[in-house]
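Encoded as structure tokens, the structure appears first; notes follow it.
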Amino acid sequence: MRYQISGKQIDIGDALQTHVKAEIGEIIEKYAQRPTDAHVVFSKAGHEHVCEATIHLSTGLTAQAKGHSSEIYAAFESCREKMDKQMRRYKRRLRNHHNTRTTPVEFGMGSSYILAPSEEPEDADQEALQPVIVAEMETRISTLSVGEAVMQMELTGQKFLIFRNEKGGGVNVVHVREDGNIGWIDPNNGI
């Protein structure tokens, strides 16, 4: 298990790093037997300390949590409690997927773009038709079952997740609908 514990514009000491490793290790030992790595980042927002933790599991899932407090240890404890709750909530599902999966999750690469309109529009119609590409980056697209994709989306707190369906091989999307239900878009299904 690899740990990456860092601070954004704040210095974190060895005692805090040791505490974080022990607590995260306890959570992982209790709920997930084979994690790959954990990233914990401490920062300061105004008068509050913020702790953001991400744990990547061997099943391909990623659990994320964030905690705030006026004290740095209390911020970590808040984050740890949220992570513990997530992992406990999905323990049975994580173990079931782990037992049925015989191969590790495969990842493909895809391009991701952030689009923004031009800053000086010549014409209102042209602005709507021609966005400017602000950033381009590579994104990992995992090969998952639909159930695993929904679990990954819920664990990370995202509104949608793009994945390659392991049954059909096509690119699919799961998303949270306005009514709170989960939607699944499978372009290769049916038509």
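Quick check on my filter: what residues within region 146-164 are out of contact with any strand residue (DSSP E or B) (no Cβ under 8 Å at 6 or more places or on another chain) and either among the hydroxyl-bearing types (S, T, Y) or closer than 13 Å to H175 by Cβ (or both)? Within region 146-164, E154, Q158 meet the criteria. Note on region 153-165: residues that are at pLDDT 85 or above and more than 15 Å from I185 (Cα to Cα) total 0.
Is at least one residue of region 79-90 part of a strand (DSSP E or B), at pLDDT below 90 and under 24 Å from S142 (Cβ atoms)? No, because not a single residue in region 79-90 is part of a strand (DSSP E or B), at pLDDT below 90 and under 24 Å from S142 (Cβ atoms).
Residue by residue, here is whether (1) out of contact with any Ser or Thr (no Cβ under 7 Å at 6 or more places or on another chain); (2) surrounded by 15 or more Cβ atoms within 10 Å (Cβ to Cβ); (3) among the aromatic types (F, W, Y); (4) within 19 Å of T156 (Cα to Cα) holds:
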residue	(1), (2), (3), (4)
Q4	yes, no, no, yes
H19	yes, yes, no, no
G25	yes, no, no, no
E52	yes, yes, no, yes
L61	yes, yes, no, yes
I72	yes, yes, no, no
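Of note, T102 does not satisfy the criterion of being modelled with pLDDT under 90 and buried (at least 20 other Cβ atoms within 10 Å of the Cβ).
The values are calculated or read from the model by the stated rules, or taken from the named source; none is laboratory data. Please read all numbers here as calculations on a predicted model, not as lab measurements. Positions of Cβ are generated from backbone atoms using ideal geometry, with glycine treated the same way; all protein chains shown enter the neighbour counts.
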